[in-house]
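S.K.: My structure is below; once you've seen it, I'll send some questions.
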Amino acid sequence: MEFTLKYKDLNEKRQIPNEDYTIKDLLDELELSAQTVVSKQNGELVIEDTVIEEDDEIQIVQIIYGG
């Protein structure tokens, strides 16, 4: 089972390691904090507990802070 990951210049197919693989697991692998990124699953904003399914497109967007 695979999903597509889009993050910055990255656009690749990745294997889903287990059936309970979540956005949080993916962020941990990429060493990213949910405080600094927004995650989308098939174009919809999702929370960290969302389970990644086969053929999903997961997009991770860096949050830019300004002041």
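S.K.: Consider only pairs whose beta carbons are under 6 Å apart and that are at least six residues apart or on different chains; among these, list those whose first residue lies in region 17-31 and is closer than 13 Å to residue 54 by Cβ and whose second residue is surrounded by 12 or more Cβ atoms within 10 Å (Cβ to Cβ).
M.R.: Listed pairs, sorted by first residue: 21/52.
S.K.: Pull out all pairs, ordered by first then second residue, where Cβ-Cβ is under 9 Å, the residues are six or more apart or on different chains, the first lies in region 53-67 and is over 21 Å from residue 13 (Cβ atoms), and the second is assigned to a strand (DSSP E or B) and modelled with pLDDT of 95 or more.
M.R.: Between residues of region 53-67 that are over 21 Å from residue 13 (Cβ atoms) and residues that are assigned to a strand (DSSP E or B) and modelled with pLDDT of 95 or more, the close pairs are 62/7; 62/37; 62/38; 63/37; 63/38.
The values are calculated or read from the model by the stated rules, or taken from the named source; none is laboratory data. None of the values given here were measured: they were computed from a predicted structure. Quick reminder, even Gly has a Cβ in these numbers, built from the backbone with ideal geometry, and neighbours come from all protein chains shown.
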